Every structure is written in C-alpha cells, then in structure tokens.
Amino acid sequence: MTNAWTNAPDTPGVGTPSIGAPIDRVDGHLKVTGGARYSAEMPVENVAYAVMVTSTIARGRVRSADTAAAERAQGVIAVYTPANAPKLPTSDKALLKPPEGRKLTTLQDDKVYYNGQPIGLVVADTLDHAMAAAELVRFTYDAERPELDMATAPRGQTNNGRPGGNEPPTSNRGDVDAGLAAAAVHVDQTYTTPIEQHNPMELHATLSVWNGDRVTVYDATQGIFGVRNTIAKAFQLPPENVRVVSYFVG
C-alpha cells in the first residue's frame, strides 16, 4: 500500500508525511475521556486555596482595602493586599527579562498598572470559600487617566518609551502608495473584531507543595524551566530545589 501524496510506502515513520495526515494526538484519548490530570487536579492533601482579587481601574493607586468581611467569612485563612503581603526577598529587575519598565505585580506595591491586575489574595480551606470571600473585599483607589486609545498608542513600546522587544518596532514592505495609485480598483475600509473568549479544557491554576526549602510546583505552563528559574529567583532558592511539573496543557 502506498501513500498517493508522496508515492512512498505507507509505513508509519518511514517516508510518511505528517502534513495533511489524520494523525492522532498522543494525549488525545486521555483528554477526551477525562483521564488527563491537569495541575489543579493533582492529588495533594491539606490543600489551601487562593483566589485573586483584581483591580477595577486601569491606572492609579490602591488607597485602602476593606478586608474585614472577608476575614470573617467561613473557612478563610488569610487575606492579603499590598498593605500586608510579604515582600519578595529580591528586586523586580532580578525576576524579569528586558524590556525594562515592566513591573512584577505580585502585591509588592500599591500601584495599579492595568485593569484586572491582582491587588488582593484570599486564602481559604476550600475553593468555594475562597471565591465567596474574595467577593467581599472592597478597594478604594486614587484613579489616574489611562491610555485607552489603541489607535494612537505607540506600538511595540513599553511605558518608558523603549522598544518592546529586541527587533525594531516597525517594518516596511513594498511601496503601498504606488501600488494604490496604479490599481484599477481599491477598497478603503476599517474592520474590527469583538473580544474573543477562550474556552480552555484546563483551569489556569498552580499547585505548590513545600518540603522545607524545596518546592514542587504543578503549573499550567508550556515553559517549565522559565517558571522554575523565576520561582528560584523570587524565593532565593537554588534552581535544583524547584521542580515544576506540567503533564498536560489544556
């Protein structure tokens, strides 16, 4: 039997192309039957659950946080805000790659850099209790005017005006004006698309298990070594003391 596309023997691994062929995913059967365990589903005893509280403004500062109702809620272990969150033992620059100007927003200060930024964390004995208590936290802000006009915002730049990557922020190909002038017909129209919502099979969740100064992290990530290095820097641990596991990405 031969493959009509390549005229090669239809033997797996021997001249059989993968492009256009109905190849099964290695993890497909486990995912569609519920057998794939994601990070939040790893069997760990005595788990505490943390739920983030996020900002409702796009730019400014957190003036105050009212956590009294959340602290009294059922099953709550702790409520953290920028006012009482533990400070990381190292600086932001040590944790982040260029470009400079990006900030680590793990409750390290009261500044709000974007809408939906984590500004609080509720820890409880169950996920339901943590979610319910997170709804009770109330923040007040000193709001500032954000830059919301994407059409006029400089592209490829951070908030300090430097390019957002290693490459130049703009590029040019061909002569658009000459092409339009020579064209028999041209259409000038602006098209926009609405917000698209992901529907992932996996929750965005991280499960950390500490054993002394060693930690195993089950994370929803494709970059386990990057996560390991960031955690090691944040907690000033040797990289070999941090193990990051991501069996499936959904």
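Odds and ends about this structure:
- Segment 233-243 - residue that is touching a residue at least 40 places away in the same chain (Cβ under 8 Å) and in a loop (DSSP other than H, G, I, E, B) and, of those, surrounded by the fewest Cβ atoms within 10 Å (Cβ to Cβ): Gln236
- Inside segment 118-132, residues that are assigned to a helix (DSSP H, G or I) and either closer than 23 Å to Lys87 by Cα or among the β-branched types (Val, Ile, Thr) (or both) make up a count of 1.
- Among the residues of segment 218-228, just one is farther than 11 Å from Ser246 by Cα and either assigned to a strand (DSSP E or B) or without any contact (Cβ under 8 Å) to a residue 12 or more places away in the chain (or both), namely Gly226.
- Close pairs (7 angstrom Cβ cut-off, 6 or more residues apart or separate chains): under 30 Å from Thr140 (Cβ atoms) in segment 31-58, open to solvent by 60 Å² or more (accessible area, probe 1.4 Å) and among the acidic types (Asp, Glu) anywhere: Ala48/Asp125
- Looking only at residues in segment 69-85 that are without any contact (Cβ under 8 Å) to a residue 60 or more places away in the chain and open to solvent by less than 40 Å² (accessible area, probe 1.4 Å), the one that is farthest from Ala48 (Cα to Cα) is Pro82.
- Flag if Ala83 is at pLDDT 90 or above and within 29 Å of Asn115 (Cα to Cα): yes
- Exactly one residue out of Thr230, Thr192 is among the polar types (S, T, N, Q) and either under 20 Å from Lys87 (Cα atoms) or open to solvent by less than 40 Å² (accessible area, probe 1.4 Å) (or both): that is Thr230.
- Count of segment 106-117 residues which are part of a strand (DSSP E or B) and open to solvent by less than 30 Å² (accessible area, probe 1.4 Å): 1
- Counting the residues of segment 195-227 that are open to solvent by 100 Å² or more (accessible area, probe 1.4 Å) and among the acidic types (Asp, Glu) gives 1.
- Against the conditions (1) in contact (Cβ under 8 Å) with a residue 40 or more places away in the chain; (2) farther than 20 Å from Glu45 by Cβ, Pro194 satisfies every one except (1).
- Among the residues of segment 34-68, those that are over 25 Å from Ile224 (Cα atoms), open to solvent by 90 Å² or more (accessible area, probe 1.4 Å) and either of a type in the set (Val, Ile, Thr) or not in a loop (DSSP other than H, G, I, E, B) (or both) comprise Thr56, Arg61, Arg63.
- Of all residues in segment 213-237 being modelled with pLDDT of 95 or more and over 16 Å from the mean Cα position of the chain (by Cα), the one that is farthest from Val26 (Cα to Cα): Arg214
- Segment 17-33, residues that are open to solvent by 80 Å² or more (accessible area, probe 1.4 Å), aliphatic (A, V, I, L, M) and within 13 Å of Met201 (Cα to Cα): Val32
The values are calculated or read from the model by the stated rules, or taken from the named source; none is laboratory data. Please read all numbers here as calculations on a predicted model, not as lab measurements. No Cβ is skipped: glycine too gets one built from the backbone with ideal geometry, and neighbour counts run over all protein chains shown. Calculation scope for accessible area: heavy atoms of the full protein, side chains included, ligands and nucleic acids excluded. Shrake-Rupley method; radii C 1.70, N 1.55, O 1.52, S 1.80 Å.
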